[in-house]
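A short write-up of the structure that comes next.
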Amino acid sequence: MTEALLKYFRTKEQEVKSEKKYDSQCPYCSMQCKMQLIEQSIVTRKKYTTIGKDNPTSEGRLCIKGMNAHQHAFHKERLKFPLLKVNGEFVRVSWVEALEYIKENFTKIQKESGHNALAVYGSASITNEEAYLLGKFARVALKTKYIDYNGRLCMSAAASAASQTFGLDRGFTNSLSEIPSTKCIILAGTNIAECQPTIMPYFERAKENGAYIIAIDPRETATTKLADLHLKPKPGTDAVLANGLLKVIIEENYVDETFLQERVNGFDDVRDYVGSLSLDEMEEITGVPITLIRKAALRFGKEETGMIFTARGVEQHTNGSMTVRNFLNILVTTGKVGKPGCGYGAITGQGNGQGAREHGQKADQLPGYRSIENEEHRKYLAGVWGVHHKDIPRKGVSAYEMMEKIHEGEIKGLFLMCSNPIVSNPNARFVKEAIKKLTFFVAVDLFVSETARLADVILPASSYLEDEGTMTNVEGRVTLREASYPCPGEVKHDWQILCEIARVLGKEEYFSFTTAEEIFTELRLASRGGNADYFGITYERLRKEGGILWPCPDPDHKGTKRVFETSFAHSDGKAAMVVVPNSPVIPKEQLSDEYPLYLTTGRVMSHYLTGVQTRKSPSLAARNVEPFMEIHPATAVKYQIQNQSLVKIESRRGSVVVRSKWSETIRHDTIFVPFHWADSQNINLLVSKELDPACKMPGFKVSAVKVSPVNDFLN
Ligand SMILES: Nc1nc2c(c(=O)[nH]1)N[C@H]1C(S)=C(S)[C@@H](COP(=O)(O)OP(=O)(O)OC[C@H]3O[C@@H](n4cnc5c(=O)[nH]c(N)nc54)[C@H](O)[C@@H]3O)O[C@H]1N2
Ligand SMILES: Nc1nc2c(c(=O)[nH]1)N[C@H]1C(S)=C(S)[C@@H](COP(=O)(O)OP(=O)(O)OC[C@H]3O[C@@H](n4cnc5c(=O)[nH]c(N)nc54)[C@H](O)[C@@H]3O)O[C@H]1N2
Ligand code: SF4
Ligand SMILES: [Mo]
């Protein structure tokens, strides 16, 4: 180093007045990478750097989103005070004024139209404590049956399938540490390389150890590049493809007879059904050649160990839950679950996508995965909450169905915490109209999101840097997010906001919490004896042990690395197979002469969900400034779409204009658009309102569309 450079660095060092370090976990995906924010004060400005911290799940890694997450947390548009809409404009008000206004309006609506005229819409990006408290807030403070959350659009198909087949929904039946030792892996509709990047080394290690990887995706992605075999089905035909795989596995006798006899119900019906199908027909429906169906099936059947992973590519369909059940049919038929190197993983989406689906935010659920329609479960929770079990409301409806209830006038007021539904829900125009119809609407957010813009009151919430609490990650590992950065302005934690509103509504006695840990202590009890039992987990243990895999029923219990080793969670201990017909109850939208292409939607590495956070992060936004339409060049030529030109995409519901991106690796009949952008670029304007009848998952992954060039003066 030259003398001049040394001098330069020495002066720089002297300029750093102080350095502070804050631990947290990434606010984005289910890997929940542990991280540390380093804040340096340099003369008059602050410099932030985020580094990864070692832990059993992400092993110290971070992806580009995690490294830059602080950019949105410190963004100038971050909300710092409660806002009230006056004559169409937001004005700053005090917490006392905001709370009083909320009390007046909530009370008025419920007095005039009943308890159920108020609805609550929650999120899987909040902590376990907050998800738990939100459910209690709806049932005890507001006494409404209408509560559901954004996880309905995310994990509901996988959750419903695992509950029905196994009797228990822990997203991953094993811990990640088992992946490197498995011999065959099916990745169905998952793009882990872009969506859970820090999980990749587990799969790369498996490959180094000789594992054979089969990817199922209509597009080539960074994930399918890892695979030895890539099946490219027509969107929405995965259930049929799984029937094809099952047929070959059974006919070639790769079934585990002993396992089936001792641990499984329903095999004979499935065997008879797939026996009656023809592979030719399945090739026709899926577009996957028989030779490849056979190749995949034989390999998975033959290997001693194997794992199947699914994500939204196969789940976000109007038959998503049955599709996942069919992949689970394959797993139990081959006896590849509950053993070392064998298991199922629904790759969880949001940071707390697992925990937030267990503790009472769902329309039909009480904490610990209990059912709100089960008398014993109601009595148990009534005891924990100190209310009469008859006063706990019954089940409500799913997220999108609440929008329908708003349209119909049954729901008049909405309390929204940590979601942006006018962008993320299907049939987006209808959803926006619904939100506009509300008599009174409160949004709790970090920013004025597209949905919050329509609120009467916006309450400012704390971020991942400020809000301590537990999150349950992709493995089912409960972790403690130690967050201690001071809240900006008058920002409060989501749980504090719930307690404050409960207080002005006269329900203080049920919500007198002063720390997140106190809420967790109640959650432990509320979950005790339930399927998702957290009773044995404490903050102290989480600090010491770095995370515990549930179920953990008592303080001496080590946590559960692998579930279903000796029995499944149904009362007879057996897994339940089911026949998954090639024709689903709700058929996917069919192509026609007018709408000749499949639109499928998803994600890119640098943005997160509706983009409210990542679009504010310069380092992330710069990587993808706008949405795009991936299209095969042959298809593009057919519809006169040049590369990098503006194109109009229309479905029966609406249209958007985005830029084209030619790609040799997508199916000819399919286009792909990421959903991270809003307003006129919101791809959900095109998605239909049809829902999976079993779990109410929308069909985000298939719409019939047409494309046409738009006069683009830039070209
Ligand atoms: N960068 C980034 N990471 C994220 C998120 C994000 O927004 N951005 N969101 C988080 C959340 S909440 C979630 S739920 C997860 C989602 O994680 P993923 O489910 O992995 O993500 P998607 O891109 O929605 O879909 C995965 C793949 O499914 C494919 N696909 C589409 N239609 C079909 C089909 O019919 N059949 C099959 N077999 N495949 C199909 C798509 O081409 C895509 O590559 O990611 C989490 N991580
Ligand atoms: N077409 C299409 N649509 C989809 C999908 C798809 O694949 N295709 N995927 C679906 C899936 S899997 C999901 S998960 C949904 C998600 O969709 P949304 O629920 O709309 O998710 P976000 O965009 O994360 O919205 C979160 C909002 O909460 C705010 N926020 C962030 N952290 C906090 C916090 O700690 N507290 C509070 N109060 N607010 C906070 C953010 O600023 C943002 O405005 O979208 C679904 N929609
Ligand atoms: S987005 Fe997911 S993989 Fe990336 S740093 Fe955050 S938690 Fe880790
Ligand atoms: Mo999600």
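Values quoted throughout were computed directly from the atomic coordinates according to the rules given, and no laboratory measurement underlies them. Only a predicted model underlies this, so the values are computations on that prediction, with no experimental measurement involved. Don't worry about glycine lacking a Cβ; one is built from the backbone with ideal geometry, like all the others, and counts go over all protein chains shown.
Calculate the FRET efficiency for residue 7 and residue 482 from the Cβ-Cβ distance with a Förster distance of 41 Å, rounded to the nearest 0.05.
According to the calculation, E is roughly 0.55.
Go through 20/616; 20/46; 108/412; 648/706 and tell me which ones have a Cα-Cα distance over 18 Å in this structure.
Too far apart for the 18 Å limit: 20/616.
Mind checking the full-extension length gain between residue 540 and residue 207? Use 0.36 nm per residue of separation minus the Cα-Cα distance, one decimal, nm.
116.2 nm
Which whole-Hz ³J(HN,Hα) couplings does region 608-622 yield from phi under the Karplus relation 6.51 cos²θ - 1.76 cosθ + 1.60, θ = phi - 60°, glycine and proline marked x?
Values per residue, Gly and Pro as x: 10, 6, 6, x, 4, 7, 6, 5, 8, 9, x, 5, 7, 4, 4 Hz.
Which residues' amide hydrogens lie under 5 Å from the amide hydrogen of residue 529, considering only partners 5 or more residues apart or on another chain, with H built in the peptide plane?
535
I need the calculated FRET efficiency for the pair residue 648 and residue 87, taking r as the beta carbon distance and R₀ as 35 Å, to the nearest 0.05.
0.45
Based on DSSP H runs of at least 4 residues, each adding -39500 (n - 2.57), what is the mean residue ellipticity at 222 nm of the chain after dividing by all its residues, to the nearest 500 deg cm²/dmol?
The helix-only estimate for the chain comes to -8500 deg cm²/dmol at 222 nm.
Report for the chain the percent antiparallel among DSSP-assigned beta bridges with both residues inside it, nearest 5.
The antiparallel fraction comes to roughly 50 percent.
Do any of 65/544; 395/588; 85/111; 436/492; 207/295 go past 21 Å between their Cα atoms, and which?
Beyond 21 Å between Cα atoms: 65/544; 395/588; 85/111; 436/492.
What GluC sites (Glu not before Pro) does region 465-570 have in DSSP loop regions with at most 16 other beta carbons within 10 Å?
Listed in order of number, the matching sites are 482, 490, 565.
Quick one: order 107, 514 by neighbouring beta-carbon count within 10 Å, fewest to most.
Placing the least packed residue first, the sequence is 514, 107.
What list of ³J(HN,Hα) couplings, whole Hz, do you get for region 639-653 from phi and the Karplus terms 6.51, -1.76, 1.60, once you set θ to phi - 60° and write x for glycine and proline?
Values, residue by residue: 9, 6, 9, 6, 5, 6, 10, 6, 9, 9, 10, 10, 10, 5, 9 Hz.
Once phi is turned into ³J(HN,Hα) by the Karplus curve 6.51 cos²θ - 1.76 cosθ + 1.60 with θ = phi - 60°, what whole-Hz value does each residue of region 343-354 show in order, with x for glycine and proline?
With the stated coefficients, region 343-354 comes to x, 10, x, 8, 5, 5, x, 6, x, 10, x, 7 Hz.
Taking the Cα of residue 304, stepping 7 Å toward and past its beta carbon, and measuring to each backbone N in region 242-274: which are under 17 Å?
Answer for region 242-274: 256.
Can you list the residues of region 49-77 with backbone N under 14 Å from a point 7 Å past the Cα of residue 16, pointing along Cα to Cβ?
49-51
Using only the Cα atoms of region 156-347, build the gyration tensor, take square roots of its eigenvalues as a ≥ b ≥ c, and label the shape rounded, prolate or oblate: rounded if a/c is under 1.5, else prolate if a/b is larger than b/c, else oblate.
The shape class here is rounded.
Quick one, what does Rg over Rh come out to for the chain if you take C-alpha atoms and the Kirkwood Rh?
Rg/Rh: 0.96.
Let me make sure I get this right: for region 147-267, a, b and c are the square roots of the gyration tensor eigenvalues over alpha carbons, sorted descending. Under 1.5 in a/c it's rounded, otherwise prolate if a/b > b/c, else oblate. Which is it?
Rounded.
Using modelled backbone amide H atoms (1.01 Å from N, in-plane), which distant-in-sequence or interchain residues come within less than 5 Å of residue 365's amide H?
Those qualifying (amide H under 5 Å, at least 5 residues apart or on another chain) are 372.
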